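Just below is one structure, and these are the notes that go with it.
The values are calculated or read from the model by the stated rules, or taken from the named source; none is laboratory data. Quick caveat, the model's predicted, so the values are computed rather than measured. Cβ: placed from backbone, ideal geometry, glycine included. Neighbour counts: every protein chain shown.
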Amino acid sequence: MAADPHVLDELRRLRARVPQLTGALVSGADGRVLAQDTPGVDPDAMAALTATAHGTAQKLADATGQGEFQELLVRGMYGYAATFAAGDGTVLTLLAQDRVNLGRLLLEGRRAAARIGELTQSRTRPAKQAAKPEPKPETKPAAKTAATRTRTTRAPRTTTTNARTATES
């Protein structure tokens, strides 16, 4: 499958915004390479490792009650590997030098993952819609409105100027 030029363009823009990035890869959760900009790194091996790490991180998040997988950060001696959920079944993995601004890496990675998720969803959505018909919306009864809560005012606090505590003597 040929890489989506819009996704490749997003990876290039991301590398321009975070100069300490050494690689960027978009893969399926099953280990398929969708797009890559990883000079010096085998993208197929990286995608396979990303799929394994993603699956393990998902299980850890579920087992500990942390909710749906969002991101994974690995710090090594020479830098970072950050993996972000980018839509259904798509993962963005970034490689960065150890001197990267970690806050910037996470911020830009989250933003790029959201954009890549939108790009990959829009690419696969027409095919999925043609495959199965759209379900009819169900009508639900009107939700109950919450009762209005009132707040009582508090009495002013009284203070004593010469109060002694148990530790004072």
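List of remarks:
- Conditions (1) at pLDDT 90 or above; (2) farther than 19 Å from Gln97 by Cβ: number failed by Met1: (1)
- Out of Val33, Val41, Val18, one residue alone is of a type in the set (A, V, I, L, M, F, W, C) and under 16 Å from Thr90 (Cβ atoms). It is Val33.
- Of the residues screened, Leu106 is one that is within 20 Å of Gln20 (Cα to Cα), of a type in the set (A, V, I, L, M, F, W, C) and outside any strand (DSSP E or B).
- In the range 48-75, of all residues being polar (S, T, N, Q) and part of a helix (DSSP H, G or I), the one that is nearest to Leu34 (Cα to Cα) corresponds to Thr50.
- Residues in the range 50-72 that are surrounded by 15 or more Cβ atoms within 10 Å (Cβ to Cβ) and either in contact with an Asp or Glu (Cβ under 8 Å, 6 or more places away or on another chain) or of a type outside the set (D, E, K, R) (or both): Thr50, Ala51, Ala53, His54, Ala57, Gln58, Ala61, Phe69, Leu72.
- Residues in the range 30-47 that are assigned to a loop (DSSP other than H, G, I, E, B), crowded, with 17+ Cβ neighbours inside 10 Å and touching a strand residue (DSSP E or B) at 6+ places or on another chain (Cβ under 7 Å): Thr38 only.
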